[in-house]
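Structure, as structure tokens:
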Amino acid sequence: MRHYQLTLQPEEELMAKVFETPLVHAWRFFLLGLWTLLPFFFLFPLLQRGILGVIIFLVVASSGAFLLFYVYYQWKHTCLFITDRRVIDVEQQGWMNFEVYEVGHAQVKDVEVKRRGPWAYLFSYGNVEIEIAHAPENLLFPRVKHPKRTQYLLLDLRDYTRGLLH
């Protein structure tokens, strides 16, 4: 298993590490946890079936545990690092693959927050979309808890960086 290891430049400071809110993955965690624990409720009837019951028990319990760990791993290793010099978006894709997008604060044109649906308003999460100068696509980080805080931080860092450059 490989994941991204952030390396800061000399005198660079990490300002924030932003994750997707776990609330949007709660249903996956719940269902996979249930899948992992369900065979334990049928342990004795499965053991009475002999080797076939043991195999069914092990396959269902271990596959549930594996998938639960996989979903957690995907969620935990997809994050947005905000330093005082740049924004780094790390998207974990599978066990060994990740994509890293890095942009300096001076290249940030605008930062938008988009909330969709009643759950986003109720639990205070939304998408943070970073518009980058001279880039064909925007940088989108979905389902961030308190997205306005992230937006204000990015805009403040952008304005501060532009003030230093001019």
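Computed values, structure above
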| read-out | value |
| --- | --- |
| Residue within the range 81-98 that is surrounded by fewer than 16 Cβ atoms within 10 Å (Cβ to Cβ), within 22 Å of P22 (Cα to Cα) and of a type in the set (G, A, S) present | yes |
| From E102, E20, E12, residue being among the acidic types (D, E) and touching a Pro at 6+ places or on another chain (Cβ under 9 Å) | E20 |
| Test: E137 is assigned to a strand (DSSP E or B) and either under 21 Å from A16 (Cα atoms) or out of contact with any strand residue (DSSP E or B) (no Cβ under 6 Å at 6 or more places or on another chain) (or both) | no |
| Answer residue from the range 114-146, given it is more than 22 Å from W75 (Cβ to Cβ) and of a type in the set (A, V, I, L, M) and is surrounded by the most Cβ atoms within 10 Å (Cβ to Cβ) among those | I132 |
| F29 part of a strand (DSSP E or B) and either within 30 Å of Y160 (Cβ to Cβ) or in contact (Cβ under 8 Å) with a residue 24 or more places away in the chain (or both) | no |
| Output for the range 1-26, where each listed residue is in contact (Cβ under 8 Å) with a residue 40 or more places away in the chain and of a type in the set (D, E, K, R) | R2, E12, E13, K17, E20 |
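Values in this text are rule-based calculations from the coordinates and carry no lab data. Please read all numbers here as calculations on a predicted model, not as lab measurements. Because the Cβ atoms are built from the backbone with ideal geometry, glycine has one as well, and the counts that use them run over all protein chains shown.
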